[in-house]
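Working notes, structure below.
The values are calculated or read from the model by the stated rules, or taken from the named source; none is laboratory data. Treat the numbers as computed from the prediction; the structure is a model and nothing was measured. Note that we place each Cβ from the backbone using ideal geometry, even for glycine, and neighbour counts take in every protein chain shown. Areas reflect the complete protein model, heavy atoms only, side chains present, ligands, DNA and RNA absent. Shrake-Rupley method; radii C 1.70, N 1.55, O 1.52, S 1.80 Å.
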Number of protein chains: 2
Amino acid sequence: MAKLTTLPRNEAGIKTVVEALKDRFQDQLHTSQSLREQHGHTTTWLPNQLPDAVVFARSTADVAEVVKLCAAHKVPVIPFGTGSSLEGHLNAPAGGISIDLSQMDQIKAVHASDLDVVVEPGVTREQLNTHLRDQGLFFPIDPGANASLGGMAATRASGTNAVRYGTMKDNILSLEAVMADGSIIRTGGRAKKSSAGYDLTRLLIGSEGTLGIITELTLRLQGIPEAIRSARCSFPTVEAACEAVMMTIQYGVPVARIELLDALSVKAANEYSKLDLPEVPLLLLEFHGSDAGVVEQSDMFASIAEECGGTDFAATSSAEERNKLWQARHDMYWASHGLRPGCQGLSTDVCVPISRLAEAVGRARAKAEEMDLIAPMVGHVGDGNFHALLLLEPGNEVELARAETYLSWLADMAIDMEGTCTGEHGIGQGKRAYLAQEMGEALRFMGLVKAGLDPNNIMNPGKIMPDSHFHADD
Amino acid sequence: MAKLTTLPRNEAGIKTVVEALKDRFQDQLHTSQSLREQHGHTTTWLPNQLPDAVVFARSTADVAEVVKLCAAHKVPVIPFGTGSSLEGHLNAPAGGISIDLSQMDQIKAVHASDLDVVVEPGVTREQLNTHLRDQGLFFPIDPGANASLGGMAATRASGTNAVRYGTMKDNILSLEAVMADGSIIRTGGRAKKSSAGYDLTRLLIGSEGTLGIITELTLRLQGIPEAIRSARCSFPTVEAACEAVMMTIQYGVPVARIELLDALSVKAANEYSKLDLPEVPLLLLEFHGSDAGVVEQSDMFASIAEECGGTDFAATSSAEERNKLWQARHDMYWASHGLRPGCQGLSTDVCVPISRLAEAVGRARAKAEEMDLIAPMVGHVGDGNFHALLLLEPGNEVELARAETYLSWLADMAIDMEGTCTGEHGIGQGKRAYLAQEMGEALRFMGLVKAGLDPNNIMNPGKIMPDSHFHADD
C-alpha cells in the first residue's frame, strides 16, 4: 500500500460530536463500517482512512449545523458527493465526520433566458443535462465519472469539452458555502461578470473542501448547438496526433472536443465497447455550430490531419454514431482496467503548454515502457492535459514503488515544461509533494489563506497542504 | 466634494521610509506635489488623497525592495499603472508610497504556438496589440482607456469583447506578484488549465492591490479571426434594443461585441467623432469567424433586430468603417463630457442578469430624469453591464449629493435583481458600502483573507474593505 500519514485524532471531541449528531440527525447519521469505508475510499488508489460517522445532509441548514458542532469541538468535516475523486480527497486522516451531500439533489431554478441554473451540490452532471435537454440547454463540463456538481466544483474539474467551454472555474457564476465556523455565505449573484471584491467563488472552486463546503451552485449554461458533428482520425504515432492537435488549436478551429487515445487505449476501447477501430493512436473530435459551420470546421481539421499523416478520417452528424463513440471515451477508465483484469488503476493528470505536448506524451510513454509499467494514455489534448493510467497489481509493493517513482518523474517533467502536476483531478492527499514543488513560495500564501479561513484546520484536513506546512507555526 | 475618510497616518514610519527610498532609488523617487497629486487622482470623481512619494519601479526586485521596506515600517504601498482607475483606487488615505509600474513595460516572451504572452504590468493593452498584430494574434480585453495590463488585472477589468472572450479573470494563465512581506510568488505556469491548489491567480485578479502587487502576467491570446464583420442598428427605445440583445444571446449567436448607446450617447458620439447616426438608441455589433460564418451571424442578428423594431441596420466587413465606429465607442467617456462642457463625469457600473436588462436600463434612465441628472448611458449589454455617466458640475454640492443618492439607488436595484454594483470598474473607495450590502456575510470572509495575507494592512489600505470592517478586531 502507498504510505499515508495519519494526523492526530481528537478522540474526546469526535466522541462528543458523534453522540450529539446521533441525537440530532437520527437515521441521517450512520456509523457502520461498510458505509464509513465507502465514504473514505471509492475510486482512489490510496489506502482507506475512514471517517467516524457519515451524516446525510438534506439542506444547507443541516450542513451548517454539523459544521458548527464540529467547529465547537475541533472535529474534522469531509464533504462527500458521489465518491468519484481520484486523489484521496475523501479520506479522513484525522477521523471526523463525512458529510454526504448526495441527497441535496434538487435543481432549484432554471433561468433559461439568462442561460443559468441554480442547483444543490448533490445534483450530478448527467441528472442536470437530462433535466435541461427539453429546454435546448446543456452544462458542458464532463469529467469521466457521473460526478456531483459540488464535487466537480471542489476539484476544479473539467473533461472533454474544456478546450471550447473552459473548466468548472469558468462555468460557475456564484456559490453558496458553509464556512469553517458554520457561517453560510453567498459569493455573488447571477450577473455574468463582476468586479465586486475578492473572487471567493474562484477561491472555493478547487479548494477541495478545505476552505468551505459548497451547498449551492449557480451555473452558466450553453444552448445546445444547432448542429453537432463528430469525427475521428487515426495517426501513425502519438507525436503525429499531437502535431495535428497543435495545428488545429493554432489555426483557431473552434473544436468543442479533441481527444487522444493511444494505441493501447484504442485496443481497450475496442474490447470494452465492442468497436472496431484501427489499433493505432486516435483523435476523437466534436464540432459545435451551425449546419454549415460544423462541416467547415471538420473539413479544416481533415486537411490538417492529412498534413500530419492522419488516416481513416471519418466524420458524421449522426447522433447515434456520435454518442456511441463518446460513451466509449467516457468509459475509458473502466475499459483500460480490462487490459489487466483485477488491476488497480492509478491515473496521472499532468498538463503542459500545447507546444510541449507531443514531446511530453512521447517521453511519458517511453518512460512507462522503460519502467515496465502498463500505462494506456488518453488526453484532453486541446488543453495539453493527458492521463497515463497505470494498471497495477493490487498488493504488489515493488510495482507500486515503481509507479510512485513514475509519478514523481512525470510531475518533474510537467513542472519543468511550465505545466502542472494536475490539470483536473486536484491535489488531495496524493499530490501534495508535487504541489509544494510546483508552487514554491506561493504555497506559503495558500497556507495563509487556509489559516485565515480555517484556523483550527477542521475542513478536510490533510488535503492540498503538506501536513508539515500547515502545522509549521503551531 | 464627496466625503472620504482619512486613515491614521504613521508619520514616523513614512518619514523613515521616504528618506531610505531617496537614498536607495535616487532619481526613481519623486516627492513633488504635482507628481503626487497625479498619482492619487487621475480619472476618478473622488477627491485627491496624495501619497507621500512616488517610486518608479524598473523591476520586480525594485517592487519587492520597496514593499519590504514599507512592511518593516508599516507604511502603505499603492500600486499605479496608467491612472485610468475610476473608483479612487490610487488614493492614499493613510499616505504612503505610490509604486509606479509604468516603466515595467517589457513584453518578455510571445509564445505564438501556445497562444500566450508574458508581459510586465506596465504594458498597455494598445502596446500589446500593436506588438502582436504581425503574428496574427490579439489580446481581447479592452476597457475604455488604454490601461496597463497590471491595472486591468487588479480591477478585474473587461470591456466590449467580454461577451465572447470573457474578462481579465478568464484571460490570465498565471501571475507573478510581490506580497505584503515583500516575498515574490508565481501563481502557476503556462498550462491552459490546472487543479493545483487554491486559485491565487484569480484571488489576486480583482484584489485592487490590496493583497499583492502584480509584477508579471502570463496572458492567454486569441488568433485574429479570419473574418470580422461589424454592424449597427437603431431602435425606437432602449427597451427594444435590450430585447434584441436578449434574443441574440439566447439564440446563441456568438457575437464578439454587442454594445448599447442610448440616444444621448449617440448625440455625444455624433458631435465628438463627427458621425451622422440617427439620434435614437443604437446597438453596435461585431462578429468574428470565417468569411461565411460572420455573414451568417450578422444575418441572424438582422432578423432578430427587425423583429424587435430595429431600423437602419447596416453591416460591413470594411476595416476602415469598423475602426471608425469602434474608436467612437471607445471615446464615449470623453465624448459624453462634451454634452456638458467643463463637467466632471461619474461613471456607474452595475451589471444584472440579462433577463432584467431592459427593465434595469429603463428604470435607471427614468430615475436619472426624475432626479434631474444628465446621464448618457452605454452598455456592454451582452453581459448585462451598463454605465450611466453622470455629468456633474464641479463644486456643486447639491448636485453631487443627488448623484450619490442615485448611485445608492442604482446599487440597490442591481443587487435586488441578483446583479452587482460593479461589473468591471471595481470597488476602490467609492463602492465599499455597496460591496458590504451585496456580499452580506461573505464580506467577513473577504476580511479574513485580507487579514491573513496582509496582517498590517499596508497593501493599498482603505480600498475594497470598509474601514470599519478591517479594524473590527483591532
Those residues of the stretch A:437-458 which are surrounded by 19 or more Cβ atoms within 10 Å (Cβ to Cβ) and more than 7 Å from every other protein chain (Cβ to nearest Cβ), in sequence order
A:LEU443, A:GLY447, A:LYS450, A:ASP454, A:ASN457, A:ILE458
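Being part of a helix (DSSP H, G or I) and touching a helix residue (DSSP H, G or I) at 6+ places or on another chain (Cβ under 7 Å) is the filter; apply it to the stretch A:152-169 and report the residue that is surrounded by the fewest Cβ atoms within 10 Å (Cβ to Cβ). Even if it seems obvious, please write down each step before you answer.
Taking the stretch A:152-169 first, the residues part of a helix (DSSP H, G or I) are A:152-154, A:162-165, A:168-169.
Subset that is touching a helix residue (DSSP H, G or I) at 6+ places or on another chain (Cβ under 7 Å): A:152-153, A:162-163, A:168-169.
Details: A:MET152: 32, A:ALA153: 27, A:ALA162: 27, A:VAL163: 27, A:MET168: 27, A:LYS169: 24.
The extreme case among them is A:LYS169.
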So, in the stretch B:372-422, of the ones that are more than 14 Å from chain A (Cβ to nearest Cβ) and among the hydroxyl-bearing types (Ser, Thr, Tyr), which residue ends up nearest to B:TRP326 (Cα to Cα)?
B:TYR406
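Does A:ALA20 satisfy the condition of being modelled with pLDDT of 95 or more, touching a strand residue (DSSP E or B) at 6+ places or on another chain (Cβ under 8 Å), open to solvent by less than 50 Å² (accessible area, probe 1.4 Å) and not assigned by the TED database to the domain that holds A:MET179? Outline the logic, then answer.
Values: modelled with pLDDT of 95 or more: yes; touching a strand residue (DSSP E or B) at 6+ places or on another chain (Cβ under 8 Å): no; open to solvent by less than 50 Å² (accessible area, probe 1.4 Å): yes; not assigned by the TED database to the domain that holds A:MET179: yes.
In short, no.
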I'm trying to understand the selection: among the residues of the stretch A:330-381, which are assigned to a helix (DSSP H, G or I) and small (Gly, Ala, Ser)?
A:ALA335, A:SER336, A:SER355, A:ALA358, A:ALA360, A:GLY362, A:ALA364, A:ALA366, A:ALA368
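Restricting to the stretch A:255-294, give me the number of residues that are outside any helix (DSSP H, G or I) and open to solvent by less than 60 Å² (accessible area, probe 1.4 Å).
From the stretch A:255-294, those outside any helix (DSSP H, G or I) are A:255-262, A:274-290; that's our starting set.
From what is left, the residues that are open to solvent by less than 60 Å² (accessible area, probe 1.4 Å) are A:255-262, A:275, A:277-278, A:280-290.
Count: 22.
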Filtering the stretch A:53-63 down to residues that are surrounded by fewer than 21 Cβ atoms within 10 Å (Cβ to Cβ) and of a type outside the set (Ser, Thr, Tyr), which residue is farthest from the chain's Cα centre (by Cα)?
A:ALA61
Answer yes or no: is there a residue in the stretch B:295-310 that is surrounded by fewer than 19 Cβ atoms within 10 Å (Cβ to Cβ), among the aliphatic types (A, V, I, L, M) and more than 14 Å from chain A (Cβ to nearest Cβ).
yes
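Going by what's in this entry, would A:GLU369 be described as free of Cβ contacts under 8 Å to residues at least 40 places away in the same chain, more than 7 Å from every other protein chain (Cβ to nearest Cβ) and out of contact with any helix residue (DSSP H, G or I) (no Cβ under 7 Å at 6 or more places or on another chain)? Explain how you work it out, then say what you get.
Values: free of Cβ contacts under 8 Å to residues at least 40 places away in the same chain: yes; more than 7 Å from every other protein chain (Cβ to nearest Cβ): yes; out of contact with any helix residue (DSSP H, G or I) (no Cβ under 7 Å at 6 or more places or on another chain): yes.
Answer is yes for this residue.
Quick check, is A:SER347 closer than 18 Å to A:ARG229 by Cα and either of a type in the set (Gly, Ala, Ser) or within 14 Å of chain B (Cβ to nearest Cβ) (or both)? Working first, answer last.
Numbers: closer than 18 Å to A:ARG229 by Cα: no; either of a type in the set (Gly, Ala, Ser) or within 14 Å of chain B (Cβ to nearest Cβ) (or both): yes.
No: the conditions fail for A:SER347.
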Give the residues of the stretch A:97-109 that are more than 12 Å from chain B (Cβ to nearest Cβ), surrounded by fewer than 18 Cβ atoms within 10 Å (Cβ to Cβ) and in a strand (DSSP E or B), sorted by residue number.
A:ILE107, A:LYS108
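Condition first: of a type in the set (Ser, Thr, Tyr), open to solvent by less than 10 Å² (accessible area, probe 1.4 Å) and closer than 30 Å to B:ASN457 by Cα. Can you find one or more residues in the stretch B:218-235 that meet it?
There is at least one residue in the stretch B:218-235 that is of a type in the set (Ser, Thr, Tyr), open to solvent by less than 10 Å² (accessible area, probe 1.4 Å) and closer than 30 Å to B:ASN457 by Cα.
Are any residues in the stretch B:130-151 assigned to a helix (DSSP H, G or I) and among the hydroxyl-bearing types (Ser, Thr, Tyr), and if so, which ones?
Applying the first criterion (assigned to a helix (DSSP H, G or I)) to the stretch B:130-151 yields B:130-135, B:149-151.
Correct list: B:THR130 only.
Would you tally the residues in the stretch A:192-209 being among the small types (Gly, Ala, Ser) and either in contact with an Asp or Glu (Cβ under 7 Å, 6 or more places away or on another chain) or more than 8 Å from chain B (Cβ to nearest Cβ) (or both)? Please lay out each step first, then the result.
Filtering the stretch A:192-209 down to residues among the small types (Gly, Ala, Ser) leaves A:194-197, A:206-207, A:209.
Okay, now just the ones that are also either in contact with an Asp or Glu (Cβ under 7 Å, 6 or more places away or on another chain) or more than 8 Å from chain B (Cβ to nearest Cβ) (or both), so A:195-196, A:206, A:209.
Of the residues in the stretch A:192-209, 4 are among the small types (Gly, Ala, Ser) and either in contact with an Asp or Glu (Cβ under 7 Å, 6 or more places away or on another chain) or more than 8 Å from chain B (Cβ to nearest Cβ) (or both).
Give the residues of the stretch B:170-187 that are closer than 19 Å to A:GLY206 by Cα, more than 7 Å from every other protein chain (Cβ to nearest Cβ) and either without any contact (Cβ under 8 Å) to a residue 12 or more places away in the chain or open to solvent by 10 Å² or more (accessible area, probe 1.4 Å) (or both), sorted by residue number. Write out each step before concluding.
Residues of the stretch B:170-187 closer than 19 Å to A:GLY206 by Cα: B:170-175, B:186-187.
Checking which are more than 7 Å from every other protein chain (Cβ to nearest Cβ) leaves us with B:171-175.
Listed by number, the list holds a single entry, B:LEU173.
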Hey, A:GLU320 out of contact with any Ser or Thr (no Cβ under 6 Å at 6 or more places or on another chain) and either surrounded by 22 or more Cβ atoms within 10 Å (Cβ to Cβ) or without any contact (Cβ under 8 Å) to a residue 60 or more places away in the chain (or both) or not
yes
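Going residue by residue through the stretch A:210-227, is there one that turns out to be among the aliphatic types (A, V, I, L, M), more than 7 Å from chain B (Cβ to nearest Cβ) and touching a His at 6+ places or on another chain (Cβ under 8 Å)? Give the derivation first.
Going residue by residue through the stretch A:210-227, those that are among the aliphatic types (A, V, I, L, M) are A:211, A:213-214, A:217, A:219, A:221, A:224, A:227.
Of the ones still in play, those that are also more than 7 Å from chain B (Cβ to nearest Cβ) are A:211, A:213-214, A:217, A:219, A:221, A:224, A:227.
Within this subset, residues satisfying the condition of being touching a His at 6+ places or on another chain (Cβ under 8 Å) are A:227.
Looking for residues that are among the aliphatic types (A, V, I, L, M), more than 7 Å from chain B (Cβ to nearest Cβ) and touching a His at 6+ places or on another chain (Cβ under 8 Å), one finds at least one in the stretch A:210-227, hence yes.
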Based on this model, can you work out whether B:LEU132 counts as at positive phi and among the aliphatic types (A, V, I, L, M)?
no
Of everything in the stretch B:143-176, what is under 12 Å from the mean Cα position of the chain (by Cα) and under 18 Å from B:ILE107 (Cα atoms)? Give them in sequence order.
B:ASN146, B:ALA147, B:SER148, B:LEU149, B:GLY150, B:GLY151, B:MET152, B:ALA153, B:MET168
Residues of the stretch A:361-398 classified as surrounded by fewer than 23 Cβ atoms within 10 Å (Cβ to Cβ), aliphatic (A, V, I, L, M) and farther than 11 Å from A:VAL238 by Cβ, total:
5
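In the stretch B:143-160, what count of residues is obtained for those that are modelled with pLDDT under 95 and in contact with a strand residue (DSSP E or B) (Cβ under 6 Å, 6 or more places away or on another chain)?
Here the count works out to 2.
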List the pairs whose first member sits in the stretch B:440-459 and is on the phi > 0 side of the Ramachandran plot, whose second member is outside any loop (DSSP other than H, G, I, E, B) and among the β-branched types (Val, Ile, Thr), and whose Cβ atoms are under 8 Å apart, counting only residues at least 6 apart or on separate chains?
B:GLY440/A:ILE185
Among the residues that make up the stretch B:416-424, is at least one of them within 25 Å of B:SER84 (Cβ to Cβ), assigned to a helix (DSSP H, G or I) and not assigned by the TED database to the domain that holds B:HIS73?
no
